Structure formats: structure tokens, C-alpha cells
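Asks: Would you mind keeping the following structure in view while I ask a few things?
The values are calculated or read from the model by the stated rules, or taken from the named source; none is laboratory data. Worth saying up front: this structure is predicted, and the values here are computed from it rather than measured. Positions of Cβ are generated from backbone atoms using ideal geometry, with glycine treated the same way; all protein chains shown enter the neighbour counts.
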């Protein structure tokens, strides 16, 4: 009888084991694409903090003073290599003149104070210009909308702060004069991209200081920041725009983790056609970086939120790119520093205290590191990469919960490095 019971127990044990293996196999098969994508996503060795500020460039001359104050603030903070804090500036190259009769660009004499402030910070390594667009809208679409919308006609009389335009009209790479929006012609896209990339290059490429003057240890720095980076206005663009960027030398595209190609019937960004992670490649082999955290003090964002985002990204081997806008930092000429500037001071002070090995960099430099597999930045050790991968898959909706309940994640964590710190 004991023999029979033993055989029964063994049969039951093997049945349970087989059922568990079948469940785990089914789970892995169902999520295989996502799991593989997370494995191939580059894992960065150190905490990386980049504050990305949009909408600077052609516009009110009060920007010059705001930028100078920002540069002073940023230069107070240096990472473990001696690199000063660096803020990216997504640049708008031109503003329209009333009734769209023409435009004034950042290269024109009246915009010289703003251009000089950007270049001064760029030379010190505290500003990294990135292309936002010739304008923060499509001129023909705005002209069409102005023919029927009073608020757009009113805006055109000032035409300096694009933030005051209706949101859907701020998208450049789709015609949102009427909703849902319609794509531009390929010829118009290619011509517009060539014009704005050419002007951006003439103003900013080659202005930055040599890394040996920025880093205390130049040997540990990324490659030279020569890559062109684009931040699509309102994160609406399509593959044709991407290809045109690549053909003009753009290497890196900042994304929210997906590509949205239109404005829907309600004017909201829509028509998503792909998702991406850091290091994924797009049309023309551009490299995507993901920016999906925010630091907007004018909307009540506090340094604590930014530090939490930095901690989350670091645990997952990802750089922390924080989105902000110039509207946080603008004041009237001669005005007192904004509250956002004080919040920025607080953020950097606490980030350097809480993350002693914190690194400052630019998206162009990260793009170079990803493209070359730079071992100074990208984790190479298989067990470290495995540990970071386990952290990533644990955050997957549905997968993480089921993998814990089945015991798969606890089992895999036995092979992880317990000493790997954020």
C-alpha cells in the first residue's frame, strides 16, 4: 500500500510540475516579443539626469535674461566626472510676422540677444540645443485656421509665445486646421525639414566647448556631442518626417515612448503607429530616446517627484529625461528669478546628494553611446544586464503579477545580483 501511495504522490508531483511548466511556457510565449525587446534595450550603468526644456528660441527677448540665469544655476552643479549640469533646449527657429506675411528667425539681428545667450551656455556645456522646428506649427494650417478662428487671428498680432495657440495647432507635422488632421505632402515635408535642419546646423553645430574643458576626466566622457537631435513639436510626427530628418543628418529623436501621427476629431494627439524603448531604431536608422517624466513647477511639480522618477529610471537602467518648458522660467525684463529656478536648484542639490555617482549628459551623447555600445556607459556584464532585465519585466502590466504568483520571478531572482545598487 505504501508503494502505491508513493507512486500516486510521484504522479501528482509530476502532474503539478508539468502544469506549472506549461503555465510558465505559455506566459513566456505570450510575452516573448516584449521580453526580448526589454532584454535588447541598452542598460545604463549609472544614474543619468537630463532636464529637457522645450520652446526656446525665436520669440520674446526676455528669454535672454532667463537663459543667463539658468546658465548660472546649472553651472553650480557638477557630476562625479566634473561635468556641469546640462539642460537641453528644444529650439524654435522662427516666429511669424503679423498676418503671416513673413518670419523673423533666430539668425536675424533682432533675435541676437537670445541667440547669444544660448550660444554662451552651449560653449560652457550647460545648454545643448536640439531642433524643435522652424516654427511650432505649420504656417499654412495656421493661416487657414486664422481665416475662421478669432483667437488665432488675435494670436497673430503678437505671435511670440506659441504656448498660447490652441493645442492642436501647435503640431507642426500634421495639418490640423480642420479636425481630424490631414498629413502634409511628402514634398512639403522634405522641403521644410531641409530648411530647418540647415538653419539649425548653421546656428549651433560646432559651437559647444571641447569635452576636455567640460569634464574633469575626459577619458570617461561620452563621444563628442556631434549628433543632431530632434524633439517633435507636441510629439506628433510620422515615418516620412523621420526619414527626411535622417536624410538631413539627424541621429536621435526624442519620443514619449510611442509615435503619434495625427490630431483626432477632438484635437488630441492620436493615430499611434508604433511604440519604442530607448535605443530602438526608426526610419533612416535614427535612435529613439524616451522622455516620459516631467518637471513643470508652474503646474505644481516638485523636486520630490523628479527624484522619484530618477530613482525609478536608475533601477531599470534607463536615463531620466525630465520634460519642462520655457514658460516655467520666463519673467518680465529685470524681474526676480522664478520659483522654478529655486526648484531647479533644490532638485540638483538633492539629486547629487542622493545619487553620488550621478552623471550629466545630453541625448546626443547617449545616442552615440548606444550606437557604439560604449562600455563606459552601457552595461556589458551579462549578470548585471540579467538583473536589470528582471527589474524591467517585473514592471510589465499583467506579466509581472502573473510571474510573481506563479513563482517564476522569485525563482529567476535567485540568479540575480543582490549587490547591484541603483
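Asks: Going by the conditions given, is residue 367 within 20 Å of the chain's Cα centre (by Cα), surrounded by 17 or more Cβ atoms within 10 Å (Cβ to Cβ) and assigned to a loop (DSSP other than H, G, I, E, B)?
Replies: Answer is no for this residue.
Asks: Quickly run through the range 93-105 and pick out the residues that are assigned to a loop (DSSP other than H, G, I, E, B) and modelled with pLDDT under 95.
Replies: Selection gives 97, 101, 102.
The rows are residues; the columns are (1) over 29 Å from residue 393 (Cβ atoms); (2) in contact with a helix residue (DSSP H, G or I) (Cβ under 9 Å, 6 or more places away or on another chain); (3) in a helix (DSSP H, G or I).
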site: 243; (1), (2), (3): yes, yes, yes
site: 254; (1), (2), (3): no, yes, no
site: 310; (1), (2), (3): no, yes, yes
site: 321; (1), (2), (3): no, yes, no
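Asks: Going by the structure shown, is residue 352 assigned by TED's automatic domain parsing to the domain that holds residue 56, in contact (Cβ under 8 Å) with a residue 24 or more places away in the chain, more than 15 Å from residue 42 (Cα to Cα) and part of a helix (DSSP H, G or I)?
Replies: Numbers: assigned by TED's automatic domain parsing to the domain that holds residue 56: yes; in contact (Cβ under 8 Å) with a residue 24 or more places away in the chain: yes; more than 15 Å from residue 42 (Cα to Cα): yes; part of a helix (DSSP H, G or I): yes.
Answer is yes for this residue.
Asks: Considering only the range 375-418, how many residues are in contact (Cβ under 8 Å) with a residue 40 or more places away in the chain and outside any loop (DSSP other than H, G, I, E, B)?
Replies: Residues that pass the stated criteria total 12.
Asks: Additional query: Could you list, in sequence order, all residues of the range 125-154 that are touching a helix residue (DSSP H, G or I) at 6+ places or on another chain (Cβ under 8 Å) and surrounded by fewer than 18 Cβ atoms within 10 Å (Cβ to Cβ)?
Replies: If the condition is that a residue be touching a helix residue (DSSP H, G or I) at 6+ places or on another chain (Cβ under 8 Å) and surrounded by fewer than 18 Cβ atoms within 10 Å (Cβ to Cβ), then 139, 143, 153 are the ones that fit.
Asks: Test of understanding: among 265, 246, which residue is within 23 Å of residue 370 (Cβ to Cβ) and either more than 15 Å from the chain's Cα centre (by Cα) or surrounded by fewer than 20 Cβ atoms within 10 Å (Cβ to Cβ) (or both)?
Replies: 246
Asks: Only one residue in 86, 73 is within 23 Å of residue 201 (Cα to Cα), buried (at least 18 other Cβ atoms within 10 Å of the Cβ) and assigned by TED's automatic domain parsing to the domain that holds residue 156. Which one?
Replies: Testing whether each residue is within 23 Å of residue 201 (Cα to Cα), buried (at least 18 other Cβ atoms within 10 Å of the Cβ) and assigned by TED's automatic domain parsing to the domain that holds residue 156 leaves just 86.
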